[in-house]
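K.L.:
Next up is a structure, given as structure tokens.
The values are calculated or read from the model by the stated rules, or taken from the named source; none is laboratory data. This structure is a prediction, so every number in the text was calculated from the model and none was measured. Note that each Cβ is placed from the backbone with ideal geometry, even for glycine, and that neighbours are counted across all protein chains shown.
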Amino acid sequence: MLSSVDPTRLKLTNDEGTRGVLVGTRCQDCQVCVFGPAVFCQACTSSSLEPVELSQRGSLYSYTIVRVPPSGWPGPVPYFLGQVELPEGPQVLAEIIGCREADLKIGMEVELALQPVILASGNGAETTKAVYKWKPVMSTDAIQEASP
Amino acid sequence: MTQFRSGREVSVAGVGLHPFGRFRDKDLAGLALPPVTEALNDAGVAWKDIPVAYFGHVYYHGMSVGETALGKLGLTGIPIINVENACSSGSTAFWQAYWGIATGIFDLALAFGAEKVPSGPVTVTAEDSPERYIGADHMMAGYALRMRRYMEDHGATATALAQVSVKARQNASLNPYAHRKETVSLEEVLNSRLIADPLTLYQCCPTSEGAAAAVLCASDALDRYAIDRQRTVKIAAAVLRSGNYNGRGSDHSAFSPYRTEPAALEAYEMSGLGPEDIDLAQVHDAATIGELQQIESLHLVPFGQAWEATQEGRTALTGDIPVNTDGGLLAMGHPFGASGIRMIHETVTQLRGEAGPRQVAGAKVGLAQCSGAGDVTTVHIFTK
């Protein structure tokens, strides 16, 4: 059974860790919704907050292809990093998988995808966690073509 | 805005700068001290007269490095405060020094900063944070995201972005303190290796080592310390802000591109000056896109038009609003704790008319803007 890379932001919905939902917090006073947990509203400081499940799909606000990764990055290099705007308001940064460079386009629709990632911890032990990513919403043919 | 804003007038009395680059044989205190003694000598102030000091730095080099460095000048027992405020640590130290005097607590203050930034991509979060595994914590990737969106929104060309670096290197070729003193062509900037598309290596500031210092004095106390009024520069505004809610959630790399605007407006209000009064500006150009969005946030050029202003040469030394006259972060390099005070050093040098081959003719009003993670921003305005 996989655990979430960040249980406060990604709630897994099956034991295999292949399905899940991003968690946000909405202010009941000003209606602003943020990604992740909150005790006070970032916009108006109210403490009348409610957890919300964020949409599975969003729009690609911007993207980059990271050629020199940060330390601790466990994935392939280069990787695509997407800044995705969700209908509820928050923008969520994560790797974009299952597409080619030529497919990337600002405004394209993407959806949440979970991947098991092997993480090395400080003491040399390895754990596998479910990490949230984005993948383009496109036809099955196009996805198969894009897969390595 | 509840900031106290009617304090005593404060002037910069002296400045000092260590060259920026790599200095493997010096520790942080060893880097920090030479500009301090230079700034004291520049002001003509004795160390024993300094009643308070603020030291900006970010990376850990043991505790109380400010005390270690200044202790070599003599243990005078004054309060020494070590300041960490990301890339704005130096300018935050300066801001604290300013307010220490403006509020009437001190007549003099020392602000200094130093840094030895490790090589490689700069990250914000702790080593084991989930953001590292998610791939979202990468300072230059954050700039790349902003750059691609800016190009899409405003039709900015890759060539216009690259021109920011070409201009920075031209200015730095006239500055012996710069980390990167060699000029580069547009082609060299565009063809340097990609870090995070569309940002190429020469559009990212080098990670560097360096140090800078400034001595501040209440304007009404300049005569008491026999400071030469001909060489002092008045501080017309000193503003520090953290982020407002920006609608972008909490990922560190998705920082707000125009977060400087509220600080700029506050600085203009405090100084009674407007963007039209600014003769030259030092801004936070950690990447080329940074400079464009900063000068737009400062209202020096209209939103979405900084790339055209750059292409037209308006931000060059010979333009109507010269920006990053010493080479900026792109060519000076970026030792976090020092950069904010380095910008003030350049502004003071220009307003004194002592910038030599890169002197902006007739400069009377200068602005220094520095950003940091946490949506920190500082804006200082200086007048001669």
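K.L.:
Are any of the residues in segment B:162-184 surrounded by 19 or more Cβ atoms within 10 Å (Cβ to Cβ), of a type in the set (S, T, N, Q), in a loop (DSSP other than H, G, I, E, B) and within 14 Å of chain A (Cβ to nearest Cβ)?
P.N.:
No, the conditions are met nowhere in segment B:162-184.
K.L.:
Taking into account only those residues within segment B:221-262 that are in a helix (DSSP H, G or I) and modelled with pLDDT under 95, which is nearest to A:Lys133 (Cα to Cα)?
P.N.:
The residue in question is B:Thr260.
K.L.:
Here's another thing I want to ask about it. Kindly check whether there is at least one residue in segment B:81-88 that is surrounded by fewer than 21 Cβ atoms within 10 Å (Cβ to Cβ), in a strand (DSSP E or B) and in contact (Cβ under 8 Å) with a residue 24 or more places away in the chain.
P.N.:
Yes, because at least one residue in segment B:81-88 is surrounded by fewer than 21 Cβ atoms within 10 Å (Cβ to Cβ), in a strand (DSSP E or B) and in contact (Cβ under 8 Å) with a residue 24 or more places away in the chain.
K.L.:
Restricting segment A:70-86 to residues that are over 29 Å from A:Gln28 (Cα atoms) and within 7 Å of another protein chain (Cβ to nearest Cβ), which is surrounded by the fewest Cβ atoms within 10 Å (Cβ to Cβ)?
P.N.:
If we take residues in segment A:70-86 being over 29 Å from A:Gln28 (Cα atoms) and within 7 Å of another protein chain (Cβ to nearest Cβ), then A:Ser71 is surrounded by the fewest Cβ atoms within 10 Å (Cβ to Cβ).
K.L.:
Moving on to the next point. Give me a count of the residues in segment A:92-113 that are part of a strand (DSSP E or B), under 16 Å from A:Pro76 (Cα atoms) and hydrophobic (A, V, I, L, M, F, W, C).
P.N.:
Looking only at that region, the number is 2.
K.L.:
With the checklist (1) over 20 Å from B:Ile295 (Cβ atoms); (2) touching a helix residue (DSSP H, G or I) at 6+ places or on another chain (Cβ under 6 Å); (3) of a type in the set (S, T, N, Q) in hand, flag the one item B:Gln163 doesn't pass.
P.N.:
Single failed check for B:Gln163: (1).
K.L.:
Does segment B:60-73 contain any residue that is in contact (Cβ under 8 Å) with a residue 60 or more places away in the chain and either loosely packed, with under 15 Cβ neighbours inside 10 Å or among the charged types (D, E, K, R) (or both)?
P.N.:
No: segment B:60-73 contains no residue that is in contact (Cβ under 8 Å) with a residue 60 or more places away in the chain and either loosely packed, with under 15 Cβ neighbours inside 10 Å or among the charged types (D, E, K, R) (or both).
K.L.:
A further question follows. Can you work out which of the residues in segment A:10-66 that are touching a residue at least 40 places away in the same chain (Cβ under 8 Å) and assigned to a loop (DSSP other than H, G, I, E, B) is nearest to the other protein chains (Cβ to nearest Cβ)?
P.N.:
Only one residue fits best here, namely A:Val32.
K.L.:
Continuing with this model, one more query. Would you point out the residue of segment B:122-141, among those that are closer than 12 Å to A:Thr64 by Cβ and facing another protein chain (nearest Cβ under 7 Å), that is modelled with the highest pLDDT?
P.N.:
Among residues in segment B:122-141 that are closer than 12 Å to A:Thr64 by Cβ and facing another protein chain (nearest Cβ under 7 Å), the one modelled with the highest pLDDT is B:Ala141.
K.L.:
Still on this structure: Hey, among the residues in segment A:87-106 that are more than 9 Å from chain B (Cβ to nearest Cβ) and in contact with a Ser or Thr (Cβ under 9 Å, 6 or more places away or on another chain), which one's surrounded by the most Cβ atoms within 10 Å (Cβ to Cβ)?
P.N.:
Within segment A:87-106, the match that is surrounded by the most Cβ atoms within 10 Å (Cβ to Cβ) is A:Gly98.
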